[in-house]
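Each remark here refers to the structure printed beneath this line.
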Amino acid sequence: MLPINSKYSLRAISRVVIVGIVIIIIIVAGVGVYFATLKTTSTTTTPTTTSSSATSTTSSSTTATTTSSTTPSSGTLSIDDYVWPTGNLNELNAPGFLPYPDWLEGTVYQTLVSVNLTAEQDLGQFTGVFQPGLASSWNASSNAETYTFTLRTGITFSDGNDFNAYTVWAVFFTWYYLTNDSATFWSALPIFNTTGVTFNESQFGADVNSSGLNSPSSALIAIMSNTSLPAYVTSPTTINFQLDTPFPFFINSFTGFQGMMFDPTYMFQHGGPGTDGNLNPAFNLTPLPGTGPYMVTGATFQSSVQFTQYSSYWGDSLTAAQIAANPILNPGSYKNVIIYDVTSATTNLLNLQNGNVQLATVTGSNFQLVNSESSTYGLAVIKHPATLDWMFMNNQIFPTNITDVRLAIVNAINYTQVIQAGAFGYGTRMLGPEAPYYGPYYDPGNYTPYQTNYTAAAQYLTDAGFPGGHGIPALTMYIDVLGEFYESPIAQVIAANLAQIGITVNIQIVTDAVYYQYYGTYATNLANAAKIPPLALGNVAGFAPDYLAPTDFWGAFVTTYSSWGNFAIFNSTEVTNLVASISHDGTNTTAITDALTTAEGIIYAQAPDAWLFAAELPAIQGTYAYKIGTINSNFFMEPNLEGVSDIPLFNTVSPG
């Protein structure tokens, strides 16, 4: 849905990273110069907390498919999606929270830590949902600053190269390199001390091309085992990460874009990663090999992608019980899968009705039609949603820079009408910036979401000096044309609501390029404040998690260190400092929730945004439908609750 060269994803929050200046000291190791670093010492603490092992997971799924790829269906699974991935199929876009939708998530690319999909999607659990993926276990030091991962053995990428700790290390520092050695290279989190560290990708790549990473040279091992770095290897199956601050959600961060593992040897053999803003295009339609149950065997730009099961997938040896307990590792039930990019809503529906595909996106009136035929069609609905939709109010320009004006607006909106108009009733009221899914980190102050109260709204306008709305100019509201199908009905409801208190809204539907042209980091937004309209309806398909941790939304939407998402240009030093403390209070949940409670109180009183709803449908005003009997209904949606991809995990789809 977004232009292919766009740096911003639909659901995931793309961030523009600020690059700092580093002081360089050269370290020479064997044949190559890889790093320049000022760090000369490191501290290692004794691990005290251990994850469950790969063979002792206790959570079981009652909805997971258990079909093994050792007896695959001879048929083909066909899926119609309504958008081609922004960023194509190039996994090197991950530091920019792309590609979106990442159709290769879980099926081609896997993560060290997997998500217990049953606990997450059926039970809505946020804590304790992590279990072994490519890592068999992990340890956290007592101060939550050092994490040690033990990797499974016998895993290969689909090109035959080994998966091991050296490949994880190389992927980790590729992300660092592609953000121009930024301290916040890891999911925009300031958790690593990278002062004075730069990565010589060219030399490292040359040496990888010489020796590979299956059995790397002594020079490569020397640099990868350097304990002064943020990550270092102690054996082919063990990698350590050294954080600069106690961060209780580090494990969570591996579920998202940058946690997905690809083969770095293949990358270096085919020209390397490129640079930030100029990634190697060789991987756009011929993606980097992964460790998952499928490999891409063909792709046509903005048309289709073909997948075939990887014959040496390590998960083929998993038992039915192990797959049921960890369904994201499922080898898949179909030998071949094809995903089509179909932008026509009518064509999507016809393909579904005629049996051309087993799963298709249905939106708008097509969704209503399919939803009315419940005996014929099944629908994917998010039981515990984390995709948020809201209206930004420019806090820096008149008159939405006046708190009482913003409070008038949020009290005048009829949220029930908004949810019905924009999502056919499939929405949950919420109070941002956090999603309800995050338990104690959502609404820690136990505030009631704003309610429709025209009397209170009118009084706020009077208090602001605009009785009956007199003196307030007509407010422009932007809608991205790509989200028009559901945002236009919402905008019309809000305009009618605000007219009740004397505020006129001019709705403007603009191109995607115009909508996003002035947005970026908080500093960018502030510099462009005069060019940003007073009102704008959210991201074109809402905002969903980049990874499963509360730091994602809190940091993005209401802080001045936000690298993407603070479109209201909300500025509160106290809120920024309180939210930043999430990364510095270790495992002290009470301290974290106390800080967020205070922050929420400030946000609630100032109303920087109009928080509308959490969407229960993957496409907000639509979802993925299937004919009952063609496939089973026990498939799973993606583990980041629609933040990394939009389609179901197709390796969990089985014939009906």
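The values are calculated or read from the model by the stated rules, or taken from the named source; none is laboratory data. Computed from a predicted model, the values in this text were never measured in an experiment. A quick note on method: Cβ atoms are made from the backbone with ideal geometry, for glycine too, and the neighbour counts reach across all protein chains shown. All accessible areas refer to the heavy atoms of the entire protein, side chains included, with ligands and DNA or RNA removed. Shrake-Rupley method; radii C 1.70, N 1.55, O 1.52, S 1.80 Å.
State yes or no: is Ser211 closer than 26 Å to Asn280 by Cβ and of a type in the set (Ser, Thr, Tyr)? Let's see the steps before the verdict.
Working: closer than 26 Å to Asn280 by Cβ: yes; of a type in the set (Ser, Thr, Tyr): yes.
Against the criterion (closer than 26 Å to Asn280 by Cβ and of a type in the set (Ser, Thr, Tyr)), Ser211 qualifies.
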In segment 381-430, anything aromatic (Phe, Trp, Tyr) and open to solvent by 10 Å² or more (accessible area, probe 1.4 Å) is listed as Phe398, Phe424, Tyr426
For segment 442-451: of the residues being open to solvent by 60 Å² or more (accessible area, probe 1.4 Å) and not aromatic (Phe, Trp, Tyr), which is nearest to Gly502 (Cα to Cα)? Gln451
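Which residue is farthest from Asp181 (Cα to Cα), if the candidates are limited to segment 272-286 and must be open to solvent by 30 Å² or more (accessible area, probe 1.4 Å) and assigned to a helix (DSSP H, G or I)? Break it down into steps so the answer makes sense when it comes.
If we filter segment 272-286 for residues that are open to solvent by 30 Å² or more (accessible area, probe 1.4 Å), which is where we start, we get 275-279, 281-282, 284-286.
Still in the running and assigned to a helix (DSSP H, G or I): 281-282.
Values: Pro281: 21, Ala282: 23 Å.
Of everything passing the filter in segment 272-286, Ala282 is farthest from Asp181 (Cα to Cα).
Of all residues being part of a loop (DSSP other than H, G, I, E, B) and of a type outside the set (Ser, Thr, Tyr) in segment 305-339, which is most open to solvent (accessible area, probe 1.4 Å)? Just the residue, please. Before the answer, list the steps.
Our first condition is that a residue be part of a loop (DSSP other than H, G, I, E, B); within segment 305-339, this holds for 310-313, 318-319, 326, 330-333.
Then keep just the ones that are of a type outside the set (Ser, Thr, Tyr); that gives 318, 326, 330-332.
Working: Leu318: 28, Asn326: 9, Asn330: 0, Pro331: 1, Gly332: 0 Å².
Result: Leu318.
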Options Ala183, Ala222: the member that is of a type outside the set (D, E, K, R) and buried (at least 20 other Cβ atoms within 10 Å of the Cβ): Ala183
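Among the candidates Asn116, Asn88, which residue alone is more than 16 Å from Ala541 (Cβ to Cβ) and at pLDDT 95 or above?
On the way: Asn116 fails: at pLDDT 95 or above.
Every option except Asn88 fails the conditions.
In this structure, does Thr167 turn out to be within 16 Å of Gly274 (Cα to Cα) and open to solvent by less than 10 Å² (accessible area, probe 1.4 Å)? Even if it seems obvious, please write down each step before you answer.
Details: within 16 Å of Gly274 (Cα to Cα): no; open to solvent by less than 10 Å² (accessible area, probe 1.4 Å): yes.
Considered against the rule, which asks whether it is within 16 Å of Gly274 (Cα to Cα) and open to solvent by less than 10 Å² (accessible area, probe 1.4 Å), Thr167 comes out as no.
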What are the pairs, 6+ residues apart or on separate chains, where a residue within segment 377-397 that is farther than 20 Å from Gly439 by Cβ and small (Gly, Ala, Ser) has its Cβ under 8 Å from a residue that is in a loop (DSSP other than H, G, I, E, B) and open to solvent by 40 Å² or more (accessible area, probe 1.4 Å)? Gly378/Ser633
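Would you say Asp207 is open to solvent by less than 30 Å² (accessible area, probe 1.4 Å) and either assigned to a loop (DSSP other than H, G, I, E, B) or charged (D, E, K, R) (or both)?
In short, yes.
Taking the condition of being among the β-branched types (Val, Ile, Thr) and surrounded by fewer than 16 Cβ atoms within 10 Å (Cβ to Cβ), how many residues in segment 287-299 meet it?
Taking segment 287-299 as the starting set, the residues that turn out to be among the β-branched types (Val, Ile, Thr) are 291, 296-297.
Checking which are surrounded by fewer than 16 Cβ atoms within 10 Å (Cβ to Cβ) leaves us with 297.
Number of matching residues: 1.
Could you check segment 458-535 for helices (runs of 4 or more DSSP H) lying wholly inside it with 3 or more residues that are open to solvent by 50 Å² or more (accessible area, probe 1.4 Å) and closer than 18 Å to Asn411 by Cα?
Once the helices (runs of 4 or more DSSP H) in segment 458-535 are filtered for at least 3 residues that are open to solvent by 50 Å² or more (accessible area, probe 1.4 Å) and closer than 18 Å to Asn411 by Cα, what remains is 484-499.
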Among the residues of segment 264-271, is any among the hydrophobic types (A, V, I, L, M, F, W, C), assigned to a strand (DSSP E or B) and open to solvent by 10 Å² or more (accessible area, probe 1.4 Å)? no
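Among Gln302, Gln258, which is the only one that is in contact (Cβ under 8 Å) with a residue 24 or more places away in the chain, open to solvent by 10 Å² or more (accessible area, probe 1.4 Å) and either within 24 Å of the chain's Cα centre (by Cα) or under 21 Å from Leu77 (Cβ atoms) (or both)?
Details: Gln258 fails: open to solvent by 10 Å² or more (accessible area, probe 1.4 Å).
Going through Gln302, Gln258 in turn, just one is in contact (Cβ under 8 Å) with a residue 24 or more places away in the chain, open to solvent by 10 Å² or more (accessible area, probe 1.4 Å) and either within 24 Å of the chain's Cα centre (by Cα) or under 21 Å from Leu77 (Cβ atoms) (or both): Gln302.
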Every residue in segment 287-304 that is in contact with a helix residue (DSSP H, G or I) (Cβ under 9 Å, 6 or more places away or on another chain) and outside any loop (DSSP other than H, G, I, E, B), please. Tyr294
Taking first residues from segment 528-547 that are polar (S, T, N, Q) and at pLDDT 95 or above and second residues anywhere that are in a loop (DSSP other than H, G, I, E, B) and open to solvent by 10 Å² or more (accessible area, probe 1.4 Å), the pairs with Cβ under 9 Å that are 6 or more apart or on different chains are Asn528/Gln517; Asn528/Tyr518; Asn528/Tyr519
Tabulated pairs, segment 84-99, first farther than 14 Å from Met267 by Cβ, second open to solvent by 10 Å² or more (accessible area, probe 1.4 Å) and of a type in the set (Val, Ile, Thr), C-beta under 8 angstrom, 6+ apart or interchain: Trp84/Ile4; Thr86/Ile4; Gly87/Ile4; Asn88/Ile4; Pro95/Val17
Filtered residue count, segment 114-139, keeping only those that are open to solvent by less than 20 Å² (accessible area, probe 1.4 Å) and within 16 Å of Ile328 (Cβ to Cβ): 13
How about segment 211-228: which of its residues are in contact (Cβ under 8 Å) with a residue 24 or more places away in the chain, closer than 16 Å to Phe268 by Cα and more than 34 Å from the chain's Cα centre (by Cα)? Ser217
Starting from residues that are at pLDDT below 90 and part of a loop (DSSP other than H, G, I, E, B), keep the ones in segment 565-614 and report whichever is surrounded by the most Cβ atoms within 10 Å (Cβ to Cβ). Asp585
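Here is a yes/no grid of residues against (1) more than 29 Å from Thr524 (Cα to Cα); (2) in the same structural domain as Gln451 (by TED's automatic domain parsing); (3) touching a strand residue (DSSP E or B) at 6+ places or on another chain (Cβ under 9 Å):
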| position | (1), (2), (3) |
| --- | --- |
| Phe570 | no, yes, yes |
| Ile582 | no, yes, no |
| Thr593 | yes, yes, no |
| Glu638 | yes, no, yes |
Criterion violated by Gly355 - all others in (1) surrounded by 17 or more Cβ atoms within 10 Å (Cβ to Cβ); (2) of a type in the set (Gly, Ala, Ser); (3) not in a helix (DSSP H, G or I) satisfied: (1)
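Residue-by-condition table, conditions (1) assigned by TED's automatic domain parsing to the domain that holds Ile494; (2) over 30 Å from Tyr478 (Cβ atoms); (3) of a type in the set (Phe, Trp, Tyr):
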position: Tyr334; (1), (2), (3): no, yes, yes
position: Ile338; (1), (2), (3): no, yes, no
position: Asn354; (1), (2), (3): no, yes, no
position: Val370; (1), (2), (3): no, yes, no
position: Tyr377; (1), (2), (3): no, yes, yes
position: Asn395; (1), (2), (3): yes, no, no
For segment 619-642, enumerate the residues that are touching a Ser or Thr at 6+ places or on another chain (Cβ under 8 Å) and part of a loop (DSSP other than H, G, I, E, B). Ala619, Ile620, Gln621, Asn632, Asn634, Phe635, Phe636, Glu638, Pro639, Asn640, Leu641, Glu642
Please determine whether any residue of segment 361-368 is open to solvent by less than 10 Å² (accessible area, probe 1.4 Å), modelled with pLDDT of 95 or more and of a type outside the set (A, V, I, L, M). yes
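Could you tell me whether segment 548-559 includes any residue that is hydroxyl-bearing (Ser, Thr, Tyr), open to solvent by less than 10 Å² (accessible area, probe 1.4 Å) and free of Cβ contacts under 8 Å to residues at least 60 places away in the same chain? Step through it out loud before you land on a result.
Here is the first cut: in segment 548-559, the ones hydroxyl-bearing (Ser, Thr, Tyr) are 551, 559.
If we keep only those that are open to solvent by less than 10 Å² (accessible area, probe 1.4 Å) too, we end up with 559.
Filter once more, keeping what is free of Cβ contacts under 8 Å to residues at least 60 places away in the same chain: 559.
Looking through segment 548-559, at least one residue is hydroxyl-bearing (Ser, Thr, Tyr), open to solvent by less than 10 Å² (accessible area, probe 1.4 Å) and free of Cβ contacts under 8 Å to residues at least 60 places away in the same chain.
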